[in-house]
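Reviewing the structure listed below.
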2 protein chains.
Amino acid sequence: MEKADERFKKQMDFILEIDKLKDIGRQTYLSNGIRKENDAEHSWHLAIMAYLLSEHANEEVDIAKVMLMVLLHDIVEIDAGDTYAYDEEAYKTKADRESKAAERIFRILPKDQGSYMKALWEEFEENETKDARFANSLDKLQPLMLNDATGGVAWREHAAKADKVKKRFDSTKTGSEKIWEYGNSLIEKNQCEGKLEK
Amino acid sequence: MEKADERFKKQMDFILEIDKLKDIGRQTYLSNGIRKENDAEHSWHLAIMAYLLSEHANEEVDIAKVMLMVLLHDIVEIDAGDTYAYDEEAYKTKADRESKAAERIFRILPKDQGSYMKALWEEFEENETKDARFANSLDKLQPLMLNDATGGVAWREHAAKADKVKKRFDSTKTGSEKIWEYGNSLIEKNQCEGKLEK
């Protein structure tokens, strides 16, 4: 096989592999409340949000990079599964499971593309650069918005408490003060309306 | 309400509105063959493909623009529904239904963002620029790849014929000769294996 064909085959193999992300379920319900969303739908939503809300990032971000980052940020869950935000036991093994998954999945790609995507995923996870902080803010805002739209169904299913939700949301402040403010107003509103327990 | 707040509210309204795309079904099955995919999942898949396959476009494309274009190319189907590729009756009213949908949906956004997104959608539909031609090639390759992975289930459901599939795929040549070649090899393989009727 020629080198160019081999490269194309690796790209197609990866594209087919990640089709599995459409079957990795999340805990958040769609805004119509009928079913829970999956990782692919969630990632699509975040990418459009990245474009539309970039003007609210604390610092100027590289929009195209943030879009790609959120499109791939959950790909490791093909092997590692979705870890619910408030599941403390599962969180103990999350980093290890996801790092093994990243090794396997991004290695399907040609080396340059695989290394770049893996580095972008690591940047998202470390949440230290301005782009990663903004991407993480979006990743926290989106389920909050859907929880608000459904009257807090997923919160009640997991007996989530306002304090914990607020604490988890706090880091969004480093990515976007605007998103942090807005998210907090949603949390408080849901608390007042009795849709999120104190 | 202050202008900045009004702008943010419009952005959030749009982000919530497009959550509905996750419930617009397509005719293509996921690679596992268990269920059909929806527009949000499909759009997510195309955006990653845009990044990975841009080197195979006939002309150098604006990757970030193509990514955004494919992320939003099906949003009009929230109102207009998915029109199956080989449904000739439905195709007669498609343009009109989709153009009304674009008017309503993109108008939810602040004017600058809504106009830009609507223009990107129109560019995709007109399929005349190098970016749109490449985006359209991806949009045709992805279901072909999934049809191949599932042994042609969706083709058989609709009694699709190889000639028509090939004819519809022909325009991908103007976006990417590589994708056109690869897609044709998939069509021929499925025809030889009896998974796609002559």
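At-a-glance table
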| quantity | calculated |
| --- | --- |
| At 7 Å out from Cα toward Cβ: A:Gly33 inter-copy label distances (nm, ascending) | 3.8 |
| Orientation-averaged projected area, Cα convex hull of chain A (nm²) | 11.3 nm² |
| Scattering curve values for the stretch B:154-194, log₁₀ I(q)/I(0), Debye with Cα scatterers, q = 0.13, 0.16, 0.28 Å⁻¹ | -0.27, -0.40, -0.98 |
| If the convex hull is drawn through the Cα atoms of the stretch A:60-176, its volume per residue in Å³ | 114 Å³ |
| Given chain B, longest segment not containing exposed loop GluC sites (Glu not before Pro) (DSSP; at most 13 other Cβ within 10 Å) | B:61-127 |
| Over the stretch B:5-127, relative contact order from alpha-carbon pairs under 8 Å, at least 6 apart, % | 27 percent |
| Cα-projected label distance for A:Lys3 with A:Glu177, points at 7 Å along beta-carbon direction, nm | 5.1 nm |
| Rg/Rh (Cα only; Kirkwood hydrodynamic radius) as it applies to the stretch A:1-48 | 1.23 |
| FRET efficiency, 1/(1 + (r/R0)^6) with R0 41 Å, evaluated for A:Leu16 and A:Glu128 via beta carbons | 0.80 |
| Solvent-accessible surface (1.4 angstrom probe) belonging to A:His158, in square angstrom, nearest 10 | 70 Å² |
| Portion, in percent, of the accessible area of the stretch A:1-127 that falls on carbon or sulfur, probe 1.4 Å | 49 percent |
| Copies compared at A:Asp13 - label distances in nm, ascending, label defined 7 Å from Cα in the Cβ direction | 4.9 |
| Pairwise centroid distance, computed over Cα atoms, of the stretch A:49-111 with the stretch A:133-190, Å | 18 Å |
| Average partner coverage of A:12-20, which counts Cβ from other chains inside 10 Å | 5 |
| The protein assembly as shown, helix-only ellipticity at 222 nm - DSSP H runs n ≥ 4, -39,500 (n - 2.57), divided by all residues, nearest 500 | -20500 deg cm²/dmol |
| Accessible heavy-atom area order of A:Arg156, A:Arg97, highest first, probe of 1.4 Å | A:Arg156, A:Arg97 |
| Longest to shortest principal axis, alpha-carbon extents of the stretch B:1-82, angstrom | 47, 35, 20 |
| Shortest-first nm distances, A:Tyr91 label point to equivalent points in other copies (7 Å, Cα→Cβ) | 5.4 |
| Convex hull of Cα atoms in the protein assembly as shown, direction-averaged projection (nm²) | 19.5 nm² |
| Per-residue mean of C-beta atoms belonging to partner chains within 10 Å, peptide B:48-61 | 4 |
| Amide N proximity, the stretch B:1-36 versus A:Ser185 label position 7 Å along Cα-to-Cβ, cut-off under 17 Å | B:1-16 |
| Set of lysines with alpha-carbon distance to B:Lys178 below 22 Å, sequence-local pairs under 8 removed | A:Lys3, A:Lys9, A:Lys10, A:Lys111, B:Lys65, B:Lys130, B:Lys140, B:Lys164, B:Lys166, B:Lys167, B:Lys189 |
| Cut-off under 5 Å, modelled amide H: who pairs with A:Thr28 long-range | A:Glu37 |
| C-alpha long axis of helix A:130-149 to longest principal axis of chain A, angle in ° | 50 degrees |
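The values are calculated or read from the model by the stated rules, or taken from the named source; none is laboratory data. For clarity, every value in this text was computed on a predicted model and none was experimentally measured. Ideal geometry is used to build each Cβ from the backbone, glycine not excepted, and the neighbour counts take in all protein chains shown. Surface areas here come from the heavy atoms of the whole protein model, side chains and all, with no ligands, DNA or RNA. Shrake-Rupley method; radii C 1.70, N 1.55, O 1.52, S 1.80 Å.
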